[in-house]
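Reviewing the structure listed below.
The values are calculated or read from the model by the stated rules, or taken from the named source; none is laboratory data. The structure displayed is predicted, hence computed values, not measured ones. Backbone-built Cβ (ideal geometry, glycine too); neighbour counts: all protein chains shown.
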Amino acid sequence: MVYALLQRLGQMLFVMFGISVLVFLIFFATPGADPAARIAGRNASPEVLEAVRKSFGFDQPFYVQYLTMMKKIFITGDLTSFVNRGWKVVPAVLDTVPVTLSLVIGAAVLWVVFALIIGIVAAATRGSWIDKTLMVLGLIGISMPVYWLGEMLNLITQSRYHDTWMFSWVPPLGYKNFSDDPKGWFLTLVIPWITLSILYIGLYGRVLRAAIVESLQEDYIRTARAKGLSETRILLRHALRTSLVAFVTLFGLDFGALVGGSALLTEVVFGLQGVGKLTYDALLNLDLPIIMTTVLYASFFVVMANAVVDVLYMLIDPRVRTA
Amino acid sequence: MRKWMLAGAAALALAFTAVVPAQAEYQAEHRGGTMRLVARSAAGTLDPQINYTLQYWQIYQSVYSGLTGFKKGAGEEGFEVVPNLAEELPAVTNDGKTYTFKVRKGIKFSDGRDVTIKDVVASFQRIFKVSSPTSGGFYSVIVGADKCIATPATCTLEGGVTGDEAASTVTINLTRADPEFLFKLAVPHASILPADAPATDAGSVPIPGTGPYFFSAYDPNKGLTMSRNPNFKVWSEAAMPDGYPDVVQYDFGLTDEAEVTAVMNGEADWMFDQPPTDRLSEIGTKFKDQVYINTLTAWWYAPMNTRLAPFDNLKARQAVNFAIDRKALVNLFGGPVLAAPVCQVLPPGFPAHAPYCPYTKDPGEKWSAPDIERAKQLVEESGTKGQKVTVIVEDTAVSKSIGVYLQSVLKEIGYDAELKPISPNIQFTYIQNTNNKVQISVSQWYQDYPAASNFLNVLFGCSSFTEGSDSSINIAGFCDEKVEAKMKEAFTLAATDQAAANKIWTEVDKMVTDAAPAAPLFTPKHIDFVSKRLGNFQFNAQFYWMVTQSWVQ
Amino acid sequence: MSVISDTLDVTPKSRGPWATALRRLLRDQAAVAALVVFIVIVVFCLLAPAYAYWAGTDPFKSTLDAVIKLNGQDVPVMEQSTEGLGLGYTPIGPTWQLGNYFLGADNQGRDVMARLLYGGLNSLFIAGMATVVTLFFATLIGLAAGFFGGIIDTLLSRFLDILWAFPVYLLAISLSIVLIAQGLNLGIITIESGSLWLPIFIIGVVYVPYVARPVRGQVLALRESEFVLAAIGLGVPSHRILLRDILPNVSTTLIVFVPIMMALNMITESALSFLSIGVQPPDASWGTIIQDGQTLLYTRPMVALAPGIAIVITVLALNVLGDGLRDALDPRSKIRIGRS
């Protein structure tokens, strides 16, 4: 068990190393991304440019630059942005985490609750029109591009129907700190929560329904039925439990990816300064230190989530443990 | 400078006028409150000697002071140079090469320390130590500057800037007479900072200043906070008046659509970015009392690379100039209320500007309509028909729509045109670097201070062109001996007779316009959209809206 | 005697697996409906040039001063605001007249309906080609890794791990930002920066791990199956085994992936184009039109609404088709739609 864990750890580190190299390589060769001129300011004379280049070490070979950056991120922690000079990157990224967490956790609560409801109801009434409708709704949820949905909701709540009783409570876009203004924090996040969760409600609702239906055909369910247990009891206590395995593993992967910044589009559309938006802005600015840090952070979460899910799977499913 | 660079505005303001009309009275009943400003993003370093963006120069005016300053008055009063930390404008001796300033006593920095002569001298040295972007362009005229540019770390400016503690004076010696020098001392790059300010870019750590406000918090991702400077006392109403709000909170991160909504709902008092065109009619009708439109001296233009096919051919460049429908571009920008077509380099209302428009259906003084037939003919004659052309623009709504239009026009006159929008953060340096082989792009230029040289020499002079550098502001690569000679003539004449010099600049304007290294597009007006509660909006031609001179209660 | 043998002789003709699958698919009403919808959409988009010709508009040319006839009156396509301060220019809204700016104009004065059809062409083309790219590389990698095992498997799997841990959208955005500016130059292949092949290549590459892993898993399992072991024991060359025995068994998985990947790719392409790093102007795709519509959202929402609805319908049809295909070919498959 310990050996397996260590192996996992080694794999994780290797993957993160690979990603950091990949990011560095991708951005190294972009034209117009020479940070020296941008740092030196407009119309800077060539001597000024040289001075800036030297002080940042841009004239060193790539691997030296890469190692310097890695050292600054992990060891000394004083990596600074290329665009906003003097701005420490690591604390900046950590600062944006609460925003992303607020968005993702809220959406996760929403989608888990609704997916459970939809999945169970659909499975319970399988074959009926309720089941079919729910599944179609779920499909529609999956088929909508999340940024488009966000824009449409914005249109409705911010502009068209803003003055009606239904949406007058919707505040202007942007994030409010929970510590400063809890009510404002909640209100600004409601529409983004809905937007982000619709895709996942559809997805997880369908997955759960399929898993429940499948497990309802297992032998042990037949035994339970033969024993005289009610359908509801069978559904909720037996079939659901086994289907939750698939649900939980998928959830772990998706949640990990979202915390890592995959909610980028939602954050951009709603003006929430989370990790995703920070990454996106940094990508547009070609601000390499921030990009490296956020991508490493994002992939750390994905890899972590993968590992946690694998371990959980090992723990939950006894069949896998002995394999 | 460009949009995020300080905007200067036109009107000739001779540096030496010392007339100070009556300042508006400070109305104490409006003092207080928190003003909230919003912008899409931060604008780089907070260091006043390095930052070269309009966004921050607009707020530096109430935080930092130089020896001289631009007057804080409405409109073109903003072009007047007035004494700031200096007691009065100096007498210039030694054929215009020596300036002696008497520095005021009793002024404190926001951290409580007194401003001393040592601080003044150290600040000038710091300009070179931190490699300020204008250390070469503006301040190389100071004696000893050449050594400082070569080895910035050990800059002493010996013989250039010397201080006399006892007499409380600072003497600056120049290598040649420079009639623009007092302007150069008034811009934030020449702010007086404490002598122990870091000798490198301070980045996001604020440096204490002498103004009525100081930066109490700064997070480039979230926002900036300006609070009252407890150690400030008014020493010159003209240069540094007191401000009204207690706190100015400047938040970053919203999209321009969201910013408009915020101002409309009263959640924000002002937005930095231009309102998106689809909200303009709403703003112009329902909220017209909260809108202020002011003239600028600036232009949007399309530099064409004169060293690369097809625009190394004069006829091709002229064809582009004839084909562009400047009225359509004005519409894309927001309509005739917000912009006006131009066909020459110097913008209207600018010193040395004389209306001249050769690139229209009936050439004369004003632009009327494009001449597509003539354009097509010129393209044929030039022999460049059918060549591939790529237009590079910034990836913002307005720039992109202009780019899409330009591509369409280029196709119409016979080129195989493509469009490439690039992130606004790198587009400007990208189009300057000759390694990127940019043929035509769209850019803007706003003036640093009111002088014709700022447009003609900086944008089209040979010394502004450097091969393979991200910093070669002469994007068109235009270098003509005759034009250079004329510009030199104007420079030398300006030391003695500014008016005569301006006449020569007018000629230079004509020469450059005829050579068509760029296609002038339009001159924009500036639109400020403010909240209902904001009062006393004043637009200053040099700094734009004077932030702290308005009140919120 | 003869009676018994007659009845015994009759063996029901067994249909091949493909025919069975096809029958199952055709019995699935939803899947058939989805297929029909998808084909209709494709046909409409193919008719884009015809529509533009008939409407007399050039959807790629900026026509800011165009004037159309509406109800007998001359109406400019871009109207200047005359009230208040007279700020801003607004394009006309939907006229609901086919062939006459049916859905209105965008901010360059172009016909939105014509652009919608051309955009659909591009979106479908990119999604389709990207699917081909993904399936091609994923099959190669999956086959090699699963069949040869050993160091090849380790290398390829680690490579897939790295690619997969890089969040899909971040990877796509990073590659796009870099490549859109300068094009791709791999020595033998050069893709210019305005070409549609760039987003095709990027989207195709980014999803390779998504398909390669299941393929690899299947190949691994197949490799231990009796007939493959027998073939190896008989000394059949590897490439023969791969082509004759393994690939056909993997093909059902691949076929199920086709509509699923197309749906995913359509959404990814529209997201990239929305962020301005997918299809470049003046080419249109449904994502770029949504982006155009962003600046007109509050005044002319149809510009953003129409392409969004088009995407939803197409992706929905593809998803339903994918579901149906999976049920018909491989009901026990664990492949789920919509995961990214």
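Remarks
- Residue among B:Ala268, B:Ala298, B:Ala323 that alone is within 14 Å of chain C (Cβ to nearest Cβ) and buried (at least 24 other Cβ atoms within 10 Å of the Cβ): B:Ala323
- Selection from the stretch C:66-87 of residues that are surrounded by fewer than 19 Cβ atoms within 10 Å (Cβ to Cβ) and within 18 Å of C:Gly293 (Cα to Cα): C:Glu79
- Members of the stretch A:133-145 that are part of a helix (DSSP H, G or I) and within 8 Å of another protein chain (Cβ to nearest Cβ): A:Leu139, A:Ile140, A:Ile142, A:Ser143
- Qualifying positions in the stretch B:426-441 - surrounded by fewer than 22 Cβ atoms within 10 Å (Cβ to Cβ) and at the interface with another protein chain (Cβ under 9 Å from one of its Cβ atoms): B:Asn433, B:Asn435, B:Asn436
- In the stretch B:223-237, the residue that is nearest to the other protein chains (Cβ to nearest Cβ) out of those that are surrounded by fewer than 19 Cβ atoms within 10 Å (Cβ to Cβ) and not β-branched (Val, Ile, Thr) is B:Ser227.
- Test: A:Phe300 is surrounded by fewer than 19 Cβ atoms within 10 Å (Cβ to Cβ), under 12 Å from the mean Cα position of the chain (by Cα) and among the aromatic types (Phe, Trp, Tyr): yes
- Qualifying residue in the stretch B:305-315 (condition: away from chain C (no Cβ under 14 Å) and in a strand (DSSP E or B)): no
- Leading residue by the ranking (nearest to B:Pro194 (Cα to Cα)) among those in the stretch B:83-101 that are more than 29 Å from the chain's Cα centre (by Cα) and touching a residue at least 40 places away in the same chain (Cβ under 8 Å): B:Asn94
- Verdict on A:Leu272 being closer than 26 Å to B:Val260 by Cβ, in contact (Cβ under 8 Å) with a residue 40 or more places away in the chain and either of a type outside the set (Gly, Ala, Ser) or not assigned by TED's automatic domain parsing to the domain that holds A:Phe24 (or both): yes
- Flag if C:Arg24 is assigned to a helix (DSSP H, G or I), within 14 Å of chain B (Cβ to nearest Cβ) and within 30 Å of the chain's Cα centre (by Cα): no
- Qualifying positions in the stretch B:147-174 - within 15 Å of B:Phe128 (Cβ to Cβ) and of a type in the set (S, T, N, Q): B:Thr151, B:Thr154, B:Thr156
- In the stretch A:244-268, residue nearest to C:Gln294 (Cα to Cα) [restricted to those that are aromatic (Phe, Trp, Tyr) and more than 8 Å from the chain's Cα centre (by Cα)]: A:Phe251
- Residue among A:Leu153, A:Leu235, A:Leu173 that is hydrophobic (A, V, I, L, M, F, W, C), at the interface with another protein chain (Cβ under 10 Å from one of its Cβ atoms) and either in contact (Cβ under 8 Å) with a residue 60 or more places away in the chain or within 28 Å of C:Val303 (Cβ to Cβ) (or both): A:Leu173
- Members of the stretch B:134-167 that are touching a Lys or Arg at 6+ places or on another chain (Cβ under 6 Å) and either touching a residue at least 40 places away in the same chain (Cβ under 8 Å) or among the hydroxyl-bearing types (Ser, Thr, Tyr) (or both): B:Phe138
- Residue that is surrounded by the fewest Cβ atoms within 10 Å (Cβ to Cβ) [pool: residues in the stretch C:181-199 that are part of a helix (DSSP H, G or I) and at pLDDT 70 or above]: C:Trp197
- Qualifying residue in the stretch A:252-260 (condition: buried (at least 19 other Cβ atoms within 10 Å of the Cβ), within 30 Å of B:Ile422 (Cβ to Cβ) and facing another protein chain (nearest Cβ under 9 Å)): yes
- Selection status of A:Val113, within 21 Å of the chain's Cα centre (by Cα), exposed (fewer than 15 other Cβ atoms within 10 Å of the Cβ) and more than 12 Å from every other protein chain (Cβ to nearest Cβ): yes
- Within the stretch B:94-141, the only residue that satisfies the criterion of being of a type in the set (Phe, Trp, Tyr), within 14 Å of another protein chain (Cβ to nearest Cβ) and either assigned to a loop (DSSP other than H, G, I, E, B) or farther than 26 Å from B:Tyr52 by Cα (or both) is B:Phe138.
- Among the residues of this structure, B:Ile192 counts as one that is surrounded by 20 or more Cβ atoms within 10 Å (Cβ to Cβ) and over 30 Å from B:Ala501 (Cβ atoms).
- All of (1) surrounded by fewer than 23 Cβ atoms within 10 Å (Cβ to Cβ); (2) under 25 Å from C:Leu296 (Cα atoms) hold for A:Trp148 with one exception: (1).
- Checking each residue in the stretch B:162-178 for being surrounded by fewer than 20 Cβ atoms within 10 Å (Cβ to Cβ), part of a loop (DSSP other than H, G, I, E, B) and either in contact with a Ser or Thr (Cβ under 6 Å, 6 or more places away or on another chain) or not β-branched (Val, Ile, Thr) (or both) picks out B:Glu165, B:Ala166, B:Ala167, B:Ser168, B:Arg176, B:Ala177.
- Residue that is nearest to the other protein chains (Cβ to nearest Cβ), among those in the stretch C:282-304 that are over 19 Å from B:Thr277 (Cα atoms) and of a type outside the set (Gly, Ala, Ser): C:Pro282
- Residue check, B:Gln553 crowded, with 20+ Cβ neighbours inside 10 Å, touching a residue at least 24 places away in the same chain (Cβ under 8 Å) and not in a helix (DSSP H, G or I): no
- Screening C:Thr90, C:Thr11, C:Thr63 for residues that are at pLDDT below 85 and either exposed (fewer than 15 other Cβ atoms within 10 Å of the Cβ) or in a helix (DSSP H, G or I) (or both) leaves exactly one candidate, C:Thr11.
- Restricted to the stretch A:156-170, and to residues there that are part of a helix (DSSP H, G or I) and either away from every other protein chain (no Cβ under 12 Å) or in contact with a helix residue (DSSP H, G or I) (Cβ under 7 Å, 6 or more places away or on another chain) (or both), the residue that is nearest to A:Ala115 (Cα to Cα) is A:Thr157.
- Close pairs (6 angstrom Cβ cut-off, 6 or more residues apart or separate chains): part of a helix (DSSP H, G or I) in the stretch A:252-266, crowded, with 24+ Cβ neighbours inside 10 Å and polar (S, T, N, Q) anywhere: A:Gly261/A:Thr279; A:Thr266/A:Thr195
- For A:Gln273: the one exception among (1) assigned to a helix (DSSP H, G or I); (2) at the interface with another protein chain (Cβ under 8 Å from one of its Cβ atoms): (1)
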